1. Mind checking the full-extension length gain between residue 74 and residue 124? Use 0.36 nm per residue of separation minus the Cα-Cα distance, one decimal, nm.
2. Can you tell me the length gained on complete extension of the stretch residue 30 to residue 43, counting 0.36 nm per residue apart and subtracting the Cα distance?
3. Just to be sure I understand the model, the point goes 7 Å from the Cα along the line to the Cβ. What's the resulting residue 113 to residue 11 distance in nm?
4. Take every Cα pair under 8 Å in the range 100-189 that's 6+ residues apart, average their separations, divide by the length, and report that relative contact order as a whole percent.
5. List the residues whose amide H sits under 5 Å from the amide H of residue 154, counting only those 5 or more places along or on another chain, with H placed 1.01 Å from N in the peptide plane.
6. For the range 140-150, what does the Karplus curve 6.51 cos²θ - 1.76 cosθ + 1.60, with θ = phi - 60°, yield as ³J(HN,Hα) per residue in whole Hz, taken in order and with x for Gly and Pro?
7. Kindly write out, for the range 25-36 in residue order, the coupling ³J(HN,Hα) from the Karplus curve 6.51 cos²θ - 1.76 cosθ + 1.60 (θ = phi - 60°), rounded to whole Hz, with x marking Gly and Pro.
8. I'm checking a number: the convex hull volume of the Cα atoms of the range 1-86, normalised per residue, in Å³. What is it?
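Just so you know, all these numbers are worked out from the coordinates, no wet-lab data involved. Please read these numbers as outputs of a predicted model, since none were measured by experiment. We place every Cβ from the backbone using ideal geometry, glycine too, and count neighbours over all the protein chains shown.
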Amino acid sequence: MPMSRFRYTLNEAVGDPSAWTFTWAIADDVTLASSCGFCGQEHQRLTYEVARGDVTLWICQRCVGRYPVSGVIDGDRFDLPSVRAYIHGLTARQKQRTCQDAIRKVQTALPDLPLGEIVVYFERNLQLSPQHAAALFAGMAQLDDPIDPRIFEVQTRSIAHQDEFGSLDERARALVWPALTPQQRRRLASLGFAPGGARTRRARTSDRRELPAPRMPALSEPAMLDPLPEPTEKSTA
């Protein structure tokens, strides 16, 4: 019997989402053990604090994009597109910091592991190539407290990167596979590159093509300090 998809239903206690305001705090739970205070979905990595009076909740990325939560800085209230753009910038920087911390942990624990090229590549691209991902994830697996590889994004959009993944040995592909999105897995599986035992939906076509860029990539843009969005009105809250 197929598994039912999660229904994103707003908790009745939340009321009007526009009555809530972002505090601009972000929690990055690399254990994926957090849950959303709006829809109740569990196993969340990133959650965002929102407040209504003295009450605060932490909400998931989907609810951030789904509901018109307000944003106020220094008393200025911003329009919804500006709020979401600002949240996106904060998210990118938080994800970048988390990945940098993970790399530093591997460097400290395994000083003989050659990570210099990986560090430079990540700082330039904010993603990992398949070969770099395999090397780093092998080191992460040796830590006393292993780090979930899903905190990183792996490049497979280009045909060159798809072929690079296919050139990895079975063990390396198995290390990288958990960090890939369902779309990436389907594409690579259709090319015969899935590691043994990997489960994925059959792709509709096996033609060689580059994957489309994500609409809002969290780590594929420079995580520079964004200027504050333009205010739309003065908050009276």
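1. Numbers: separation 50, 0.36 × 50 = 18.00 nm, distance 3.33 nm.
Roughly 14.7 nm would be gained on extension.
2. On the way: separation 13, 0.36 × 13 = 4.68 nm, distance 0.99 nm.
Going from the current span to full extension adds 3.7 nm.
3. A separation of 3.7 nm, rounded to one decimal place.
4. Values: 80 pairs, mean separation 25.1, N = 90.
Averaging sequence separation for qualifying contacts and normalising by length gives 28 percent for the range 100-189.
5. When sequence neighbours closer than 5 places are left aside, the close amide H contacts are 128.
6. Those phi angles translate into 4, 5, 8, 5, 4, 10, x, 9, 5, x, 5 Hz.
7. 8, 10, 10, 10, 9, 6, 8, 6, 10, 8, 10, 8
8. Values: hull volume 9.4 nm³, N = 86.
In the range 1-86, the Cα hull volume divided by residue count equals 110 Å³.
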